[in-house]
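See structure below.
The values are calculated or read from the model by the stated rules, or taken from the named source; none is laboratory data. In this text, all values refer to a predicted model and were calculated from it rather than measured experimentally. Cβ atoms come from the backbone with ideal geometry, glycine included; neighbour counts cover every protein chain shown. Ligands, DNA and RNA are excluded from the accessible area calculation, which covers all protein heavy atoms including side chains. Shrake-Rupley method; radii C 1.70, N 1.55, O 1.52, S 1.80 Å.
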Amino acid sequence: MVGVEAASRDPGARAARTDAPVLATVTFTVNGERRTLELDTRTSLLDAAREHLHLTGSKKGCDHGQCGACTMIVDGRRINACLTLAIMHQGAEIVTVEGLGQPDHLHPMQAAFVKHDGYQCGYCTPGQICSGVAVLEEIRAGIPSHVTADLGAPPQVTETEIRERMSGNLCRCGAYSNIVEAITEVAGSRA
């Protein structure tokens, strides 16, 4: 109440209050291309990609960070793009599913998903593929998961490790076994 009373006595304070969005400029690299956007500071990274850059591969599923359909790779780590503000990623390197491969030149993970039928409706597939790529990088970097048996040894690519690390990506169609097969194949081709 004190603030309201003070604002009513001070016309300058009242004039400063506005419902207009606060805009900020952010520059980052998306799929190898430097991009600069002027955004409402409340814009999520997912909305920046989909609505401003027209990169619609990443999907808005739950918009609460529970389904993983929005997964992108930011500075080498996978994140739920619906839960982070775009302006928090000034200077970041962002990779969406469009940046992994194209229809005429698929990323090995995309090709493995096709080969093993790792999708049904396909809505979660872009997030699954980005997570799958990042999961293998996490394992290669020696980052343990909750199911890593020996924290002193490098984690191994096992079905249990893959299922645990992919647990943040939901597939309502239930293509999990085929997704694990696809990721396992890509991991094997790197060995």
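Among the residues of segment 14-65, count how many are in a strand (DSSP E or B) and without any contact (Cβ under 8 Å) to a residue 60 or more places away in the chain. Please lay out each step first, then the result.
Filtering segment 14-65 down to residues in a strand (DSSP E or B) leaves 23-30, 33-40, 44.
Now drop any that are not without any contact (Cβ under 8 Å) to a residue 60 or more places away in the chain, which leaves 23, 25, 33-40, 44.
Final tally of qualifying residues: 11.
Looking at segment 56-66, is at least one residue closer than 19 Å to Val135 by Cβ, open to solvent by less than 20 Å² (accessible area, probe 1.4 Å) and of a type outside the set (D, E, K, R)? Break it down stepwise before answering.
We begin by selecting, within segment 56-66, every residue closer than 19 Å to Val135 by Cβ; these are 57-59, 61, 65-66.
Applying the additional criterion that residues be open to solvent by less than 20 Å² (accessible area, probe 1.4 Å) yields 57-58.
Of the ones still in play, those that are also of a type outside the set (D, E, K, R) are 57-58.
Yes, there is a match, as at least one residue in segment 56-66 is closer than 19 Å to Val135 by Cβ, open to solvent by less than 20 Å² (accessible area, probe 1.4 Å) and of a type outside the set (D, E, K, R).
Could you list all residues from segment 147-191 that are open to solvent by less than 50 Å² (accessible area, probe 1.4 Å), in contact with a His (Cβ under 7 Å, 6 or more places away or on another chain) and not hydrophobic (A, V, I, L, M, F, W, C)?
The one that is open to solvent by less than 50 Å² (accessible area, probe 1.4 Å), in contact with a His (Cβ under 7 Å, 6 or more places away or on another chain) and not hydrophobic (A, V, I, L, M, F, W, C): Asn178.
Considering segment 138-162 alone, what residues qualify as being assigned to a helix (DSSP H, G or I), aliphatic (A, V, I, L, M) and in contact with a helix residue (DSSP H, G or I) (Cβ under 6 Å, 6 or more places away or on another chain)? Don't jump to the end; show me each part of the working.
Let us first name the residues in segment 138-162 that are assigned to a helix (DSSP H, G or I), namely 138-140, 159-162.
Pick out the ones that are also aliphatic (A, V, I, L, M) and you get 139, 162.
Ile162 - this is the single residue of segment 138-162 that is assigned to a helix (DSSP H, G or I), aliphatic (A, V, I, L, M) and in contact with a helix residue (DSSP H, G or I) (Cβ under 6 Å, 6 or more places away or on another chain).
What's the total number of residues in segment 71-100 that are assigned to a helix (DSSP H, G or I), in contact (Cβ under 8 Å) with a residue 60 or more places away in the chain, surrounded by fewer than 24 Cβ atoms within 10 Å (Cβ to Cβ) and in contact with a helix residue (DSSP H, G or I) (Cβ under 8 Å, 6 or more places away or on another chain)?
1
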